[in-house]
Structures are given as structure tokens and as C-alpha cells.
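Working notes, beginning with the structure itself.
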Amino acid sequence: MNSSTLIDVVVPVYNEEEALEESVAKLSSYLQTHCPYRWRIVIADNASIDQTPQIGRRLAAASVLVAAACSARARALVNSPRRRRASNSVCARA
């Protein structure tokens, strides 16, 4: 693992309460197996009206490998690479 490089995997979500937890678990498992760099999953919620924000915050609180951002901050993470803390980032769009 290259410890000097951090990859943010930004996952924009909107009303994903049904699938979010499983999707983050699958993505985390994939990254653990296949990504040679340090990584973090950033759940970028776009003003969901269901339980998505709460689930994202719970997942972030449970793991240092997951972060959650809501609304304006989420849009900034998705649209502006300068706003991310990582050296590199990937934006996964559904």
C-alpha cells in the first residue's frame, strides 16, 4: 500500500436509504482488496428527504474509512477537486 497517496471515492447519493449501507460495504470490500493506496469513501448526500443523511453519518461515525457530507458541502466535493483533502479522487455517479 502506498501510504503517501490518499484517494477519496466520492459517492453522490439522493434518497438511497434502502441501498446505502450495503453499497458502502461492497465498495469498501472492493477497495480493501484492489486499491493499493489509502482510501476513504465520501458519501455526498444531495439533500435526501429519507433516512440517507442519518445512515451516512452513522456509517461515518463507525469507520475512519467513511466520511459523510450533506447538501452544499456534498456538491462542492463532487464538483470541485480543490475542496477534497485527498491527493486524488474518484467520483462514482449512479
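Readers should treat all values here as calculations from the given coordinates under stated rules, not as data from a laboratory. All values reported here derive from a predicted model rather than from experimental measurement.
General observations
- Stretching the chain fully between CYS35 and SER4 yields a gain of 9.8 nm (0.36 nm per residue, less the alpha carbon separation).
- Long-range amide H partners of VAL13 with built H, under 5 Å: ALA44, ASP45, ASN46
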